[in-house]
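The values are calculated or read from the model by the stated rules, or taken from the named source; none is laboratory data. This structure is a prediction, so every number in the text was calculated from the model and none was measured. With ideal geometry, Cβ positions are generated from the backbone for all residues, glycine too; neighbour counts draw on all protein chains shown.
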Ligand code: GLN
């Protein structure tokens with residue numbers, strides 16, 4: 001066994017919206033952490049020998065028939081348990097307290113008042129703090145042996161504890177950044193209560209994954225879909241470290257890449273470069289354009305691009321011979337938006353997430369980055385020695401420009417958006433804003449309108465510019481690009497890109513907008 005993994009905290013998933021954030025915060029405390037479903041048998045959890053257990057929030061009500069539950073013994077193993085929101089309610093419910101529909105529900109920023117009771121979670125905190133609440137139910141009666149450690153105007157038990165048994169219940173969400181001291185609370189739990197050493201590093205994650213993949217794959221053959229984006233590049237290099245020559249990386253140029261990107265990817269990851277990836281480039285532009293002709297519905301476009309990808313892969317796989325594993329650079333935000341992250345709603349389908357059509361004959365999919373947020377993937381990439389320029393690149397979606405062209409796709413429209421995008425990127429760099437925004441690009445709206453150029457009437461397309469700042473890509477603010485920069489970009493685009501006569505700057509945050517358009 002890998003010694004690095006000895007010290008871990010288990011996050012038990014009850015389908016809450018912020019589960020991965022909980023895991024992420026624990027990792028930020030430099031403690032290794034894994035998420036397991038609430039259906040995981042107790043014996044299995046015991047076997048993992050965690051230093052601590054965190055129960056997440058969830059959409060159910062503990063008192064209803066069939067609600068996600070936990071056995072009483074979970075709280076009697078002598079392992080510290082922290083329940084968050086639903087997890088807190090469940091702890092009380094299972095241990096003999098009472099949970100009911102709250103007379104006053106609480107959502108969003110709420111003032112929490114600490115009670116004058118010493119608590120290891122609130123060590124040296126001021127007596128009030130702002131927290132993020134999101135609940136309909138509340139704890140109306142404590143389980144025996146517990147004491148209240150904080151309340152709000154509407155909620156008599158904002159947190160409670162039974163120090164003797166190391167059980168802690170918190171109604172609000174310490175994992176979200178809106179909760180003041182949230183990170184410290186989780187850090188107090190994992191470091192002080194659970195007594196974790198806090199010496200785990202993201203580098204360890206990479207090494208653990210390499211070990212785990214190596215022992216899983218053995219001498220099996222692995223095929224990796226390399227898009228040249230950050231996620232798939234990191235996944236590919238990770239796999240190459242794990243299985244060496246058994247890896248083949250296929251880069252499909254679907255004709256929906258940024259300007260000159262295909263050549264760039266080939267120059268970095270190709271067989272003349274520093275990596276040992278058995279790199280194969282397939283130029284499949286025409287196939288994709290033919291299949292996409294006339295298709296306007298976003299989900300159908302995504303599906304077609306995804307399916308065509310799989311077909312191309314299948315063909316390559318046949319040429320290579322039997323393939324045992326398929327690697328994908330899926331990361332956590334892809335999983336959530338696809339509705340595979342517990343109970344959260346489907347926002348968009350991702351061609352790189354789960355559910356491959358039956359026609360594919362691979363034994364298993366490996367997704368080494370599935371639990372990570374973008375910035376964490378970048379840390380892994382840097383650890384693996386991938387050049388900063390590549391690792392810090394902005395994200396680019398799998399379906400590429402296909403979802404940045406609203407409406408139907410034609411080769412001509414692809415050219416327009418590529419050229420406009422290249423201008424936008426050049427000017428952002430010129431203005432020193434290259435690293436000042438986390439993702440920025442041009443998209444082609446399907447809007448045509450009347451303009452005048454050289455005294456002539458035009459009836460041409462509008463380009464939308466989008467630029468956002470975000471840490472984890474789950475929520476995002478619009479970049480405040482100086483007007484002079486926007487103006488220059490506008491002038492260059494209408495002058496240099498044929499059939500564009502207007503430029504918009506999109507000022508929508510996420511939510512309500514997503515970062516991409518389709
Ligand atoms: N469904 C429970 C409630 O409404 C828990 C909510 C949550 O965990 N965020 O109180």
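Selection of region 120-141 for residues being within 16 Å of the ligand (Cβ to nearest atom) and under 26 Å from residue 195 (Cα atoms) yields only 131. The set of residues from region 388-413 being assigned to a helix (DSSP H, G or I) and either touching a strand residue (DSSP E or B) at 6+ places or on another chain (Cβ under 7 Å) or surrounded by fewer than 21 Cβ atoms within 10 Å (Cβ to Cβ) (or both) comprises 388, 389, 390, 391, 411, 412, 413.
Within region 268-278, being more than 23 Å from residue 424 (Cβ to Cβ) and either touching a helix residue (DSSP H, G or I) at 6+ places or on another chain (Cβ under 9 Å) or modelled with pLDDT under 90 (or both) holds for 269, 271, 272, 273, 274, 275, 276, 277, 278. Among residues of region 252-267 being out of contact with any helix residue (DSSP H, G or I) (no Cβ under 6 Å at 6 or more places or on another chain) and not in a loop (DSSP other than H, G, I, E, B), the one that is farthest from residue 376 (Cα to Cα) is 263. State which residue is nearest to the ligand (Cβ to nearest atom) when the search covers only region 55-84 and only residues that are surrounded by 15 or more Cβ atoms within 10 Å (Cβ to Cβ) and farther than 18 Å from residue 39 by Cα. Here the residue is 80. The sole residue among 440, 459 that is closer than 18 Å to residue 396 by Cα, modelled with pLDDT of 95 or more, in contact with a strand residue (DSSP E or B) (Cβ under 7 Å, 6 or more places away or on another chain) and part of a strand (DSSP E or B) is 440. Please determine whether any residue of region 484-497 is assigned to a loop (DSSP other than H, G, I, E, B) and surrounded by 12 or more Cβ atoms within 10 Å (Cβ to Cβ). Yes. The residues of region 250-293 that are in contact with a strand residue (DSSP E or B) (Cβ under 7 Å, 6 or more places away or on another chain) and buried (at least 20 other Cβ atoms within 10 Å of the Cβ), listed by number, are 250, 251, 252, 253, 265, 269, 277, 279. Of all residues in region 310-319, those satisfying the criterion of being touching a residue at least 40 places away in the same chain (Cβ under 8 Å) and out of contact with any helix residue (DSSP H, G or I) (no Cβ under 9 Å at 6 or more places or on another chain) are 310, 313, 314, 316, 317. In the condition set (1) touching a strand residue (DSSP E or B) at 6+ places or on another chain (Cβ under 9 Å); (2) part of a helix (DSSP H, G or I); (3) within 16 Å of the ligand (Cβ to nearest atom), residue 21 is compliant with all but (1). Considering only residues that are under 28 Å from the mean Cα position of the chain (by Cα) and either free of Cβ contacts under 8 Å to residues at least 40 places away in the same chain or within 28 Å of residue 381 (Cα to Cα) (or both), which ones fall in region 289-306? Passing the criteria: 297, 300, 302, 304, 305, 306.
Consider region 36-54 and keep the residues that are over 25 Å from residue 191 (Cβ atoms) and not in a loop (DSSP other than H, G, I, E, B). The one that is nearest to the ligand (Cβ to nearest atom) is 37. Can you name every residue in region 85-101 that is touching a helix residue (DSSP H, G or I) at 6+ places or on another chain (Cβ under 6 Å) and near the ligand (Cβ under 9 Å from one of its atoms)? Matches in region 85-101: 99 only.
Taking the conditions (1) in contact with a strand residue (DSSP E or B) (Cβ under 7 Å, 6 or more places away or on another chain); (2) closer than 17 Å to residue 34 by Cβ in turn, residue 247 satisfies each one other than (2).
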